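These notes concern the structure reproduced below.
The values are calculated or read from the model by the stated rules, or taken from the named source; none is laboratory data. No experiment lies behind these values; they were computed from the predicted model shown. Using ideal geometry, Cβ is built from the backbone for each residue, glycine included, and neighbour counts are taken over all protein chains shown. We work out accessible area using only protein heavy atoms, side chains counted, and drop any ligands, DNA or RNA first. Shrake-Rupley method; radii C 1.70, N 1.55, O 1.52, S 1.80 Å.
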Amino acid sequence: MFLRSHSRLRRAAVVAAVGACAVVGLSVPATAAPGVPFSPAAPAAAQAGLRSYLVITAPNNTAGAKSAVATNGGTVFASYDVIGVIVAHSTATDFATKMRAVSGVQQVGATRTSDLPAQASNPPIPASPTQTTPTAAETSRADMTQIKADQAWAVTTGSPSVTVGVLDTGVDDQHYDLKANFDASKSASCAYGKLDTRVGSWRPEGTHGTHVAGTIAAAKNGKGMVGVAPSVKIASVRIAEAPSGLFFAENTICAFVFSGDQGFKITNNSYYTDPWLFNCPSNADQAAILEGVKRAAAYAEGKGVLNVAAAGNENIDLANKTTDTTSPNDSTPASRPVTNACLAVPNELPSVLAVSSINSSNVKSSFSNFGTDKIVVAAPGDNVYSTLPGGTYGNSSGTSMASPHVAGVAALILSVNPALTPAQVRAKLATDADDLACSDSRCAGTTAKNNFYGDGRVDAKDAVGGGTTPGTSFENTADLQIPDGGAAVTSPITVTGVPGNAPATLKVDVNVVHPYRGDVVIDLVAPDGSTYRLKGSSTNDAADNVVATYTVNASTEVANGTWKLKVQDIYRSDVGYLNSWKLTF
């Protein structure tokens, strides 16, 4: 489930909607085969006793197990061959027992303690919410200043070549603050465990995923709010099922594999895999869940994906587990003993970066989980303002809200240093984090690293500061004649040694000698050919010469390469020349 404070969810505790009623609740291996995508069909009734199972084999060795599924009273619903995971359905109560005896089958486990819903055979497309256009201007939000995202934007607002996958309840792709950055071509649903790429399958079942998406990449457009990385792309992979809202293992597996195959740079995972808060390897069903999700997350990481996850909202020490009273959450929960071998997934997996939550005073949020070597960094998760479906906004609390802050900072890092591996981004997030001292007796460790905050509060400014050095300049002082009323001419500057993207405040100093400057049109041309208008023509500007400094948001452009200043005299009778021009990064 997504993480809800003080309950079985890691979703948000409460969302107070703006403009709506209050809402509660909140390697490069071969491409995996996700099975046949869904296609519309007649509605089907739920089949009594129909359960879902993971059948696990060696990677790329699923053929024999698939045949055995049918022989033993089941059907193959989906298969992720490259990681050796089959999703099978069966009504036979002895299906798992029989399949565990099949040669080549390593593990078999039921993914739920309840029957599959009728929607599994023909999932409906979630409705597109009716939209409201925001009128309120963007303001400086406390969570963004707390992690210094507002200062990081002077270096970069993010690159559209970086895609963050929001693995959640779905995202409102038509929201005013999200639609410009939303990539529908890389969005889908993995609800029920099979890839569904029909248009709109990624849309929201609830508000949680849309809130998370806004924190990551709400656009910097003057209205509503701004995300941590407002120029990167986001994609939605819906893993929550309807009507339960639960995130079962087969859904999570599908989503991680899809994320790797789609080339996401980062995934955000603000949920835990249902129905078990902790999966214990001593239980055959839970052991299969652990193995299947671990393989899928590792597959994504091997494809270059950094997986970021919320640590959970139970206010417990993940390094000292004793009891679970909330599982299974799809039927009747019962108290059971658990040990540290029992893991919450995905946040306790080795390929996942877990995030704890802090409040505005930089103290652990009352609900946030913690644990020695369980938390990498911390981020704001109390009363976070973000997007909600239908063009609205609201405040929400939870480690679900902390995790997307870190996913956004990771996106900024990869925007300025695109060649970094997931391990290198993880290390940079930790190294550049701001130390936070222990805040109560349960906190163990040092100010530099402890069980509440890991390596500290994530710092967007420092995380991107290792790229471009502010003030680095490149200049061309060669004179260039400007034809009178003729074609445009260009003057080049070759930029080298500046990692990542150009800043959002690129300075362009221009010195043009011309007796009637209203004749002159000036453009900056980026290395990829993108053009930025610096000065237009004017029949009313009769002054001499252009001596000016222009500021350009070039944060989506790679810094290194040949930049050009394009100058054109569009009227006859006055002759001039470009004296010099300079770029300052």
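Report in % the part of the accessible area of the stretch 493-577 that belongs to carbon and sulfur, leaving out ligands and nucleic acids; probe 1.4 Å. Let's see the in-between values first.
Working: 1730 of 3710 Å².
Solvent-exposed carbon and sulfur of the stretch 493-577 make up 47 percent of the total.
Would you mind working out the accessible area per residue for the stretch 104-199, using a 1.4 Å probe, and quoting it in Å²?
Details: 3390 Å² over 96 residues.
With the other protein chains kept in place, the stretch 104-199 gives 35 Å² per residue.
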So which lysines can K303 reach, going by Cα to Cα under 25 Å and dropping same-chain residues fewer than 8 places off? K186, K194, K233, K265, K294, K374, K428
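How much of the accessible area of the stretch 305-461, probe 1.4 Å, is carbon plus sulfur, in whole percent?
Details: 2430 of 4750 Å².
In the stretch 305-461, the share of accessible area belonging to carbon and sulfur is 51 percent.
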So what is Rg over Rh here for the stretch 188-323, counting just Cα atoms and using Kirkwood for Rh? 0.98
Alpha-carbon radius of gyration plus Dmax, which is the widest Cα pair, for the chain in Å: 26.6, 93
If you count, for each residue, the other Cβ atoms within 10 Å and average over each peptide, how do 395-402, 192-199 line up from highest to lowest? 395-402, 192-199
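Sort 542-551, 414-423, 48-57 for me by packing, meaning the mean count of neighbouring Cβ atoms within 10 Å per residue, highest on top. Present the calculation step by step, with values, prior to reporting the outcome.
On the way: 542-551: 13.7, 414-423: 18.7, 48-57: 21.1.
So the order, starting with the most tightly packed, is 48-57, 414-423, 542-551.
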Which value in deg cm²/dmol, rounded to the nearest 500, describes the helix-derived mean residue ellipticity at 222 nm for the chain, given -39,500 (n - 2.57) per DSSP H run of n ≥ 4 and division by the residue count? -5000 deg cm²/dmol
Which whole-number value in Å² is the accessible area per residue of the stretch 399-480, probe 1.4 Å? 37
Of the options P527, I570, N553, report the single residue whose Cα projects farthest towards the positive end of the charge dipole of the stretch 440-585 (beta-carbon charges: Lys, Arg +1; Asp, Glu -1). N553
Please enumerate, by chain and number, the aspartates and glutamates with C-alpha under 20 Å from the C-alpha of K66, excluding those fewer than 8 residues away in the same chain. D81, D94, E250, D285, E291
How big is the charge dipole of the chain about its Cα centre, in debye rounded to the nearest 20, if each Lys and Arg gets +1 on its Cβ and each Asp and Glu gets -1 on its Cβ? 940
